[in-house]
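Any read-out appearing in this document is the output of simple, stated calculations on the displayed coordinates, not a laboratory observation. Just so it is clear, the model here is predicted, and its values are computed rather than measured. For neighbour counting, all protein chains shown are included, and Cβ atoms are generated from backbone atoms with ideal geometry for every residue, glycine included.
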Amino acid sequence: MIADTRLAGASVLNIRSTMHQEASIDEKPVLKPNWRLKVIPLAGGKGVDVMQLIDVSDVITDVKVHVCRSGDGVVGFEPTLVFGL
């Protein structure tokens, strides 16, 4: 599995994982706290008006796991300029 996050056409974050083994949900670590970054742009266009870091650990309760896999993975962060902040 490959996931690539791009900003202005340039890769800023990529995740590569194999997920080649079956696993049990009991083998997985507890993923708390669970954070979300909320970004609200300026009403006039360029720039950010509000940035909030929100803990949604107790909000997300209706998750049902259908498939659980395990494997190796690599996360890559690429240097980039941040536009409009």
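Within the range 1-22, residues that are within 24 Å of T80 (Cα to Cα) sit with their Cβ atoms under 8 Å from residues that are in a loop (DSSP other than H, G, I, E, B) and of a type in the set (G, A, S), at 6+ positions apart or across chains, in these pairs: S17/G71. Within the range 27-46, the set of residues being surrounded by 11 or more Cβ atoms within 10 Å (Cβ to Cβ) and either among the hydrophobic types (A, V, I, L, M, F, W, C) or at positive phi (or both) comprises just one member, L42. Within the range 10-60, take every residue that is farther than 27 Å from P79 by Cα and among the basic types (K, R) and give me the one that is nearest to the chain's Cα centre (by Cα). Among those that are farther than 27 Å from P79 by Cα and among the basic types (K, R), it is K32.
Looking across the range 47-85, just one residue is out of contact with any Leu (no Cβ under 9 Å at 6 or more places or on another chain), surrounded by 10 or more Cβ atoms within 10 Å (Cβ to Cβ) and among the hydroxyl-bearing types (S, T, Y), and that is S70.
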